[in-house]
Amino acid sequence: MKKKLNKVAKDTNLYLKKFILMQKSSELLNPMKYGLLPGGKKIRSKLIVDVGKIFNIDYNKLILIGAAVECIHAYSLIHDDLPCMDNDKLRRGKISTHVKYGEATAILAGNSLLTIAFEILSQSSLKVEHKTKISLINLLTKCSGHSGIAGGQYSDLKFEGKKQSLNKIVNMQIKKTGKLFSFCCVAPIIISKKSKYINLFDSIGSKIGLLFQIADDLIDYSGSSKRAGKKTRKDSKKGKATLISLLGYKNTVKYGDKLKLEIFSKLNKFGNKTKDLKDTINYILIRSK
């Protein structure tokens with residue numbers, strides 16, 4: 001699992017480095033690269049490759065789409081860390097972008113990474129039909145904006161210090177994290193043109209994203225800052241609305257285990273082709289234990 005994850009991370013980073021090198025000179029490129037590279041484990045890119053394998057999609061196309069997703073993810077982290085948001089000074093084992101470059105520069109670098117994601121998807125080197133590109137771009141905008149990441153972050157901030165229902169917390173976390181995971185699982189389906197599976201993998205992706213957020217919250221609750229690459233135990237201090245705050249640690253672990261079984265049940269119809277995807281899902285959950 002680690003070997004395959006590392007290969008996807010290496011190939012995605014290599015593509016991103018080359019793409020940024022082709023950009024016109026700008027003083028924003030260094031803070032953009034700082035927030036983007038090396039850029040974590042690339043689990044989202046790995047999911048794109050895993051689902052693409054089920055539907056026999058070309059690996060290089062999947063890496064390119066993964067690169068676009070990683071730009072969106074990096075933008076969201078840069079903005080999440082800002083003093084007006086979660087005010088985190090550590091990210092991926094180094095000081096946050098706004099701490100190194102200043103708040104205004106971090107905002108502009110994040111904005112630039114957001115737009116570069118769509119530049120990657122629209123370029124001629126992505127060898128898919130024009131209509132398919134439009135579908136990918138359209139879906140990624142919805143997963144990134146007010147109905148996705150941005151909307152989820154808004155609710156996350158709004159919910160601080162207030163007790164929320166299970167449904168509200170789950171819906172918030174699906175927007176904040178699950179929607180981008182949903183894109184990762186649906187993008188290969190869009191390329192394959194097997195539209196009958198879109199709703200299924202949209203649901204699977206949302207559930208994987210929720211599982212990832214649960215694992216992240218469990219790490220924050222009981223993990224070390226060195227292992228997490230960021231400050232831990234901050235959710236409870238800020239009064240964040242998480243499943244742990246509502247259900248408790250043990251019940252949240254059980255909720256995550258049940259969620260994994262639900263995902264696997266949906267994947268079983270695709271047989272052995274889902275092995276890599278299941279391994280990635282197991283990795284997401286195991287990292288919190």
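The values are calculated or read from the model by the stated rules, or taken from the named source; none is laboratory data. Nothing here was measured: the structure is a model prediction, and the numbers come from that model. Here Cβ is always computed from backbone atoms with ideal geometry, including for glycine, and neighbour counts include all displayed protein chains.
Right, Thr141: of a type in the set (Val, Ile, Thr), closer than 20 Å to Ile284 by Cα, free of Cβ contacts under 8 Å to residues at least 60 places away in the same chain and touching a helix residue (DSSP H, G or I) at 6+ places or on another chain (Cβ under 9 Å) or not?
Against the criterion (of a type in the set (Val, Ile, Thr), closer than 20 Å to Ile284 by Cα, free of Cβ contacts under 8 Å to residues at least 60 places away in the same chain and touching a helix residue (DSSP H, G or I) at 6+ places or on another chain (Cβ under 9 Å)), Thr141 does not qualify.
Quick one: would you say Ala104 is of a type in the set (Gly, Ala, Ser), surrounded by 14 or more Cβ atoms within 10 Å (Cβ to Cβ) and modelled with pLDDT of 95 or more?
So Ala104 does not fit the description; no.
So which residues in the stretch 176-195 are under 11 Å from the mean Cα position of the chain (by Cα) and free of Cβ contacts under 8 Å to residues at least 60 places away in the same chain?
Within the stretch 176-195, Lys176, Thr177, Gly178, Lys179, Ser182 meet the criteria.
Residues in the stretch 45-60: is at least one hydrophobic (A, V, I, L, M, F, W, C), on the phi < 0 side of the Ramachandran plot and not in a helix (DSSP H, G or I)?
Yes: the stretch 45-60 contains one or more residues that are hydrophobic (A, V, I, L, M, F, W, C), on the phi < 0 side of the Ramachandran plot and not in a helix (DSSP H, G or I).
With the condition kept exactly as written, say whether any residue in the stretch 213-230 is farther than 26 Å from Lys133 by Cβ, of a type in the set (D, E, K, R), at pLDDT below 95 and outside any helix (DSSP H, G or I).
Yes, because at least one residue in the stretch 213-230 is farther than 26 Å from Lys133 by Cβ, of a type in the set (D, E, K, R), at pLDDT below 95 and outside any helix (DSSP H, G or I).
Only one of Leu267, Leu259 is in a helix (DSSP H, G or I), on the phi < 0 side of the Ramachandran plot and touching a residue at least 60 places away in the same chain (Cβ under 8 Å). Can you tell me which?
Leu267
Given the structure, is Asp81 under 30 Å from Lys234 (Cα atoms), touching a His at 6+ places or on another chain (Cβ under 8 Å) and charged (D, E, K, R)?
For Asp81, the condition - under 30 Å from Lys234 (Cα atoms), touching a His at 6+ places or on another chain (Cβ under 8 Å) and charged (D, E, K, R) - is met.
In the stretch 231-253, which residue that is touching a Ser or Thr at 6+ places or on another chain (Cβ under 9 Å) and in a loop (DSSP other than H, G, I, E, B) is modelled with the lowest pLDDT?
The selected residue is Lys231.
Examine the stretch 13-23 for a residue that is within 17 Å of Gly110 (Cβ to Cβ) and either surrounded by 20 or more Cβ atoms within 10 Å (Cβ to Cβ) or polar (S, T, N, Q) (or both), and state whether such a residue exists.
yes
Checking Asp88 against (1) surrounded by 16 or more Cβ atoms within 10 Å (Cβ to Cβ); (2) at pLDDT 95 or above; (3) among the acidic types (Asp, Glu), only one condition comes out false. Which one?
Result: Asp88 fails condition (2) only.
As an exercise: evaluate Lys41 against (1) part of a helix (DSSP H, G or I); (2) under 17 Å from the mean Cα position of the chain (by Cα); (3) charged (D, E, K, R) and give the number of the one condition it does not meet.
Looking at each condition in turn, Lys41 falls short on (1).
Given the conditions (1) of a type in the set (Val, Ile, Thr); (2) in contact with a Pro (Cβ under 7 Å, 6 or more places away or on another chain); (3) within 21 Å of Asp276 (Cβ to Cβ); (4) part of a helix (DSSP H, G or I), and given that Thr105 satisfies all but one, which numbered condition is not satisfied?
(3)
What are the residues in the stretch 254-287 that are buried (at least 16 other Cβ atoms within 10 Å of the Cβ) and in contact with a Ser or Thr (Cβ under 8 Å, 6 or more places away or on another chain), if any?
Gly256, Leu267
Does Leu113 satisfy the criteria of being closer than 21 Å to Pro188 by Cα, among the hydrophobic types (A, V, I, L, M, F, W, C) and either assigned to a loop (DSSP other than H, G, I, E, B) or in contact (Cβ under 8 Å) with a residue 24 or more places away in the chain (or both)?
Against the criterion (closer than 21 Å to Pro188 by Cα, among the hydrophobic types (A, V, I, L, M, F, W, C) and either assigned to a loop (DSSP other than H, G, I, E, B) or in contact (Cβ under 8 Å) with a residue 24 or more places away in the chain (or both)), Leu113 does not qualify.
Listed residues Leu77, Leu157, Leu62; which is in contact (Cβ under 8 Å) with a residue 60 or more places away in the chain and surrounded by 21 or more Cβ atoms within 10 Å (Cβ to Cβ)?
The match here is Leu62.
Kindly provide the set of residues from the stretch 171-205 that are surrounded by fewer than 24 Cβ atoms within 10 Å (Cβ to Cβ) and not hydrophobic (A, V, I, L, M, F, W, C), ordered by number.
Asn171, Lys176, Ser192, Lys193, Lys194, Ser195, Lys196, Tyr197, Asn199, Asp202, Ser203
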